[in-house]
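See structure below.
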Amino acid sequence: MGASACSRDGHTLYGCLQAGAGKADIWLILPAALFVTVASGTPGTNNVILAASGADFGYWRTLPDMFEIVLGLLAINLLVAAGLGVIFRQSPIVQQGLKMTASIYLLYLARKIASIRPIVSRAASGACPMRLMGALCFN
């Protein structure tokens, strides 16, 4: 069974490899690679925060933030892979708790944003870039 037969039969990449296809069909990998490429360059929240931090504190002081955001995304993916997504889908009580927690956190962030006083330069005021717990909570 060739790799192209796997894609025509509707099997997944993992099923093709398990069936002894030998190598992955490029047409199965290409959409994922395209998504990763586009998603890493779009101005999402993480990219905007890193750009702002880089502008205020410079590349070297922002470099740890890049790794912290990667760790935060890795933690989210591991939790979903461990089955947390299934728990959220199957339990209405957990869904409501998550919605309430997220709503309270958004209100907290809105209050913090509304009460910020303008600062000429965060770096000059003694501020520092986001740290590990901030990056984990942000993601």
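The values are calculated or read from the model by the stated rules, or taken from the named source; none is laboratory data. Every value quoted in this text rests on a predicted model; they were computed, and no experiment measured them. Methodologically, a virtual Cβ is constructed for each residue, glycine included, from the backbone with ideal geometry; neighbour enumeration extends over all protein chains shown. These area figures cover heavy atoms from the full protein model, side chains too; ligands, DNA and RNA do not enter into them. Shrake-Rupley method; radii C 1.70, N 1.55, O 1.52, S 1.80 Å.
Checking each residue in the range 39-49 for being small (Gly, Ala, Ser) and surrounded by 10 or more Cβ atoms within 10 Å (Cβ to Cβ) picks out 39, 40, 44.
Among the residues of the range 50-67, those that are open to solvent by 60 Å² or more (accessible area, probe 1.4 Å) and under 18 Å from the mean Cα position of the chain (by Cα) comprise 51, 66, 67. Determine whether the range 89-105 contains at least one residue that is part of a helix (DSSP H, G or I), out of contact with any Phe, Trp or Tyr (no Cβ under 8 Å at 6 or more places or on another chain), aliphatic (A, V, I, L, M) and surrounded by 12 or more Cβ atoms within 10 Å (Cβ to Cβ). No, the range 89-105 contains no residue that is part of a helix (DSSP H, G or I), out of contact with any Phe, Trp or Tyr (no Cβ under 8 Å at 6 or more places or on another chain), aliphatic (A, V, I, L, M) and surrounded by 12 or more Cβ atoms within 10 Å (Cβ to Cβ).
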